[in-house]
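Accompanying notes for the structure given below.
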Amino acid sequence: MFDVTIIGCGVIGAVLARKLSQYDLRILILERENDVAMGTTKANSAIVHAGYDPEPGTLMAKLNVQGSEQMEKLCRELDVEYRRCGSMVLAFSAEETATLKTLYDRGIKNGVKELRLLSGEEARTMEPALAETVRGALLAPTAAIVDPWGLCLAAAETAVRNGAELKRGSAVAGVEDLGNHYVVHTASGNYESRYLVNCAGVHGHEISAMVGESEWMPKHSRGEYYLLDKSSGDLVNHVIFQCPSVLGKGVLVAPTVHGNLIVGPNAEPVEDGDDRATTQSGLDQVAAFGRKSVPSVDLRQSIRNFSGVRAVTSEEDFIIRPAKNSPRMLYVCGIKSPGLSAAPAIADYALEKLKEMGLAAEKKTMWSGKRTQIRFRKLSDSEKAELVRKDPRYGRIICRCETITEGEIIAAIHSPIPPCSIDGVKRRTGAGMGRCQGGFCGPRVLKILADELGKDPMEIVQDGSATWLLMEETKGGSGK
Amino acid sequence: MKYDLVVIGGGPAGLSAANAAWEAGCRSICIVERDRELGGILNQCIHNGFGLHYFKEELTGPEYAGRFIEKIHSTGVDICLEAMALEVTPEKHVHIVSPSGGYEVLEAKAVVLTMGCRERTRGAIAIPGTRPAGVFTAGTAQRYLNMEGYLVGRRVVILGSGDIGLIMARRMSLEGAKVLACVEVMPYSGGLTRNIVQCLHDFNIPLYLSHTISDIQGKDRVERVVISEVGPDRRPIPGTEMILDCDTVLLSVGLIPENELSRSAGVQMDPRTNGPVVYENMETSIPGVFACGNVLHVHDLVDFVTAESARAGQAAAALCAGTTPSSSQIMELKNGPVVSYTVPQRIHMAADFQTVDVFFRVRAVCGKSRITVTDEAGTCLASFRRERLAPGEMENIKLPRKLLENAQGSITVSVEEDLA
């Protein structure tokens, strides 16, 4: 019998699992995919918002500002890449200039610190690539950029090291409420748990429906992106937003913690929460909006397009409350933007809710919330020399574009949540994230994975469990 | 460690440069190669057709590389394998790392950059659709097939008619895969004519010119692609869609010289080639730093890489020996109509040369044409006839020293198609 079962291991589930792992509880995390961070967590703008967007008084406003304040410390503890680069919202008209004032006032009410209104000139002095048509900007120095899947992985790993159990490939097929506990039927077996937390992202409503709830409905919204090569990574220093509109927070142009430039997203309703296709019209829209803010953005430097689906629902606010008819299931649903920013505060808030729902939680005496990762490329020359001396595998570069070593890849494969796909290695190490998009290192990573996991290379997938790469051996065979 | 010459890359360009430098008398040379063996991308090019110009015989890629590898092993050139160059400083300090040698800094008098090129990816050309497995660059599929021994798909659509894509159309067909189509966005092929004939026509694979893949579909693995005709703006024309059921898309949509090290060293780049600006001896804007092969400009034939790289190796050896004349007079080469770039872009007039080999490409397919070289005064210094010119086939003209000495100011290379 588990005390708490978290359904869904995106960033919200993972950060909550880490929080709960501080307590003397038996924790289970169920993830339908073959890896964590496979939904919205791996496909979003990777921004820690300052907190001037949400309406004062909402959970979103409170948890965004609190989460943003906690994020830097959390990322430091988990050795996750984070940079407080600040953000600007641009105004291109008198009407939008008025919107900036509204956002400023809202930010003050929400408790956002250091907000400043800038003239177009001041904004261009700070960000020379901004368009001449920019008439003003709202500067939020507390906004930041972060590695969202890195945060999810690090938090999930920490939870696992502190005793939480993670079951991947465990799509939930049914939930039975037996009064004092639940039986959760999954693809990997049945699990009994006293409490359930629904962190299933864009599939949250499907889990709720399993206990007969339909208090809210999904209104999925897809956003498409361009990711540009590192040569464009310093085109802007701040996250550059446009005024919020029907397109959500609007198309942004921002640096990423990995050194790239991200442009997007648009906002388009989709039926299927897993519909992460890109479209010509969507990409064209993103390109046009991106150029409006930063005319010199060069989309020929694109290295990847992707899209993500926001877990928008029929409710305006985040949905963090027990299910009406199934009072030991906690919804942590409808976590759209600023969900990533709010993640640490959502975990605190969800724990309080669970306690209100009757969960008895005693802090453990032994808990280690820290985690570190060797990143060869970030070391000094002498540290690199020392590391290779100790372990020559750190001297073998596998990913040329991002300078990722065999040592880092092998360390990831033997981490608490081992990757089972090429993209799993990418999310953990950065191999394949660069400008050749794994063209050179893909076959090498595949071989290392097969060797280390003792698998046939034909079993290694690109990403999800059915994303096969190799079809058959050639006439001459692989020689194995 | 100190060397006279450090060559970054042990592919055909690096091997030729090192061999030529050794032959020119340089006795302190190191090749830094990131792979486990020398030969570069030739090792996975097991088809024949290499060496027709240079050796006057038809070799496979590994055979072609093998001749130079054998030669290099007969010299005293040091070879660092599995060694990645992380940084080249303007002072010609080369930072490398390898499992056996650890982290080292090689101090050189001259550096030859021969890092080659990489393939453009799906992200670079922004093909819409889902993101399933089964979309490979042609070179990656070639590696899986020829080096690792695996076929990556059974029903294949190839986007782009670059040479690697064409070669892979034939190779996958021979392995039993069905290649449904080769789709090219331009109104002409980007590959060599001989490859169109031998790899597509001979296997009855249709080539759709002025078409592109407008949508990739499939949840986990590619299930089908939508092909559309494109207009003059190269964007899909609605209503022209064709659906092809396939499990694999191979991309052969261009190569990009890998100049991250060159940029970090501060070498001046040419946006037309995506490679360094070089003089007639392959020297870049940093004295003592040379570049040749696909890192300089993308070649069609390795034979020309070998010849170009030998010039770089000889020049580097001369520099190390201190026999390079100091030069102040520089002649610029400019692009006239239809010409998309020239290599070299500059000539040291004081340098010791009898002829300058100028390589260039045209922007469009031309029939019978005249290539002209004119100076700033408008004097036509030389002209050359060609039956046909195409963007997929690199052109080469030789300019004798005498002719250049008579030129006023910079010179311009132009192409003029004969009126029908």
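Taking the stretch B:105-115, which residues are under 22 Å from B:R311 (Cα atoms) and buried (at least 21 other Cβ atoms within 10 Å of the Cβ)? Of everything in the stretch B:105-115, those that are under 22 Å from B:R311 (Cα atoms) and buried (at least 21 other Cβ atoms within 10 Å of the Cβ) turn out to be B:A108, B:A110, B:V111, B:V112, B:L113, B:T114, B:M115. On the basis of being at pLDDT 95 or above and either touching a Ser or Thr at 6+ places or on another chain (Cβ under 6 Å) or not in a loop (DSSP other than H, G, I, E, B) (or both), does A:L117 make the cut? Yes. Is it the case that the stretch B:293-309 has a residue that's more than 15 Å from the chain's Cα centre (by Cα) and surrounded by fewer than 24 Cβ atoms within 10 Å (Cβ to Cβ)? No. Tallying residues that are of a type in the set (D, E) and outside any helix (DSSP H, G or I) within the stretch A:326-357 yields 0.
Taking A:R18 and the conditions (1) among the basic types (K, R); (2) farther than 23 Å from A:L359 by Cβ; (3) assigned to a helix (DSSP H, G or I); (4) touching a residue at least 24 places away in the same chain (Cβ under 8 Å), which numbered condition does it fall short on, given that it satisfies the others? Against the list (1) among the basic types (K, R); (2) farther than 23 Å from A:L359 by Cβ; (3) assigned to a helix (DSSP H, G or I); (4) touching a residue at least 24 places away in the same chain (Cβ under 8 Å), A:R18 comes up short only on (2).
May I ask you to list the residues in the stretch B:199-234 that are closer than 28 Å to A:Q462 by Cβ and of a type in the set (G, A, S)? Within the stretch B:199-234, B:S214, B:G218, B:S228 meet the criteria. Considering only residues in the stretch B:94-104 that are touching a residue at least 24 places away in the same chain (Cβ under 8 Å) and surrounded by 24 or more Cβ atoms within 10 Å (Cβ to Cβ), the one that is nearest to the other protein chains (Cβ to nearest Cβ) turns out to be B:I96. Residues that are surrounded by fewer than 16 Cβ atoms within 10 Å (Cβ to Cβ) and outside any strand (DSSP E or B) within the stretch B:185-218 comprise B:P187, B:Y188, B:T193, B:R194, B:V197, B:H201, B:D202, B:F203, B:N204, B:P206, listed in sequence order. Residues that are of a type in the set (K, R) and surrounded by 12 or more Cβ atoms within 10 Å (Cβ to Cβ) were ranked within the stretch B:389-420; the one that is nearest to B:A351 (Cα to Cα) is B:R401. Checking the structure you have, find out if any residue of the stretch A:27-36 is in the same structural domain as A:A347 (by TED's automatic domain parsing) and assigned to a helix (DSSP H, G or I). No; the residues of the stretch A:27-36 include none that is in the same structural domain as A:A347 (by TED's automatic domain parsing) and assigned to a helix (DSSP H, G or I). Selection of the stretch A:265-282 for residues being surrounded by fewer than 17 Cβ atoms within 10 Å (Cβ to Cβ), more than 13 Å from every other protein chain (Cβ to nearest Cβ) and either farther than 26 Å from A:V239 by Cβ or of a type in the set (A, V, I, L, M) (or both) yields only A:E271. Of the residues B:R235, B:R224, only one is over 17 Å from B:T121 (Cα atoms), without any contact (Cβ under 8 Å) to a residue 12 or more places away in the chain and not β-branched (V, I, T); which? Unique residue meeting the criteria: B:R235. Restricting the stretch B:148-170 to residues that are more than 21 Å from the chain's Cα centre (by Cα) and in contact (Cβ under 8 Å) with a residue 24 or more places away in the chain leaves a set whose member that is surrounded by the fewest Cβ atoms within 10 Å (Cβ to Cβ) is B:R154.
Check A:Y191, A:Y225 and return the single one that is touching a residue at least 40 places away in the same chain (Cβ under 8 Å), surrounded by fewer than 24 Cβ atoms within 10 Å (Cβ to Cβ) and among the aromatic types (F, W, Y). Even if it seems obvious, please write down each step before you answer.
Working: A:Y225 fails: surrounded by fewer than 24 Cβ atoms within 10 Å (Cβ to Cβ).
Selected residue: A:Y191, the only one of A:Y191, A:Y225 that is touching a residue at least 40 places away in the same chain (Cβ under 8 Å), surrounded by fewer than 24 Cβ atoms within 10 Å (Cβ to Cβ) and among the aromatic types (F, W, Y).
Has the stretch B:81-88 got any residue that is modelled with pLDDT under 95, at the interface with another protein chain (Cβ under 10 Å from one of its Cβ atoms) and on the phi > 0 side of the Ramachandran plot? The answer is no, given that none of the residues of the stretch B:81-88 is modelled with pLDDT under 95, at the interface with another protein chain (Cβ under 10 Å from one of its Cβ atoms) and on the phi > 0 side of the Ramachandran plot. Counting residues in the stretch A:44-53 that are modelled with pLDDT of 95 or more and assigned to a helix (DSSP H, G or I) gives zero. For first residues located in the stretch A:281-293 and modelled with pLDDT of 95 or more, partners that are part of a helix (DSSP H, G or I) and lie 6+ apart or on another chain with Cβ distances below 8 Å form the pairs A:A287/A:L299; A:G290/A:L299.
Residues checked against (1) under 19 Å from A:T142 (Cα atoms); (2) in a helix (DSSP H, G or I):
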{"residue": "A:G204", "(1), (2)": "no, yes"}
{"residue": "A:S208", "(1), (2)": "no, yes"}
{"residue": "A:G212", "(1), (2)": "no, no"}
{"residue": "A:E215", "(1), (2)": "no, no"}
{"residue": "A:R222", "(1), (2)": "no, no"}
{"residue": "A:Y226", "(1), (2)": "no, no"}
{"residue": "A:L235", "(1), (2)": "no, no"}
{"residue": "A:I240", "(1), (2)": "yes, no"}
{"residue": "A:A254", "(1), (2)": "yes, no"}
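Hey, does the stretch B:48-64 have a residue that's under 29 Å from A:V388 (Cβ atoms) and either assigned by TED's automatic domain parsing to the domain that holds B:V94 or over 22 Å from the mean Cα position of the chain (by Cα) (or both)? No, the conditions are met nowhere in the stretch B:48-64.
So is A:G358 modelled with pLDDT of 95 or more and either in contact with a helix residue (DSSP H, G or I) (Cβ under 8 Å, 6 or more places away or on another chain) or under 24 Å from A:K219 (Cβ atoms) (or both) or not?
Criteria not met by A:G358.
The selection criterion, being modelled with pLDDT of 95 or more and either closer than 30 Å to B:C30 by Cα or crowded, with 22+ Cβ neighbours inside 10 Å (or both), holds for B:R143. Consider the stretch B:236-277 and keep the residues that are buried (at least 16 other Cβ atoms within 10 Å of the Cβ) and polar (S, T, N, Q). The one that is farthest from the chain's Cα centre (by Cα) is B:T248. Looking only at residues that are outside any strand (DSSP E or B) and more than 8 Å from chain A (Cβ to nearest Cβ) in the stretch B:105-124, which one is nearest to A:F306 (Cα to Cα)? Here the residue is B:R120.
The values are calculated or read from the model by the stated rules, or taken from the named source; none is laboratory data. Since we're looking at a predicted model, the values are computed, not measured. Cβ coordinates were reconstructed from backbone atoms using ideal geometry, including for glycine residues, and neighbour counts include every protein chain displayed.
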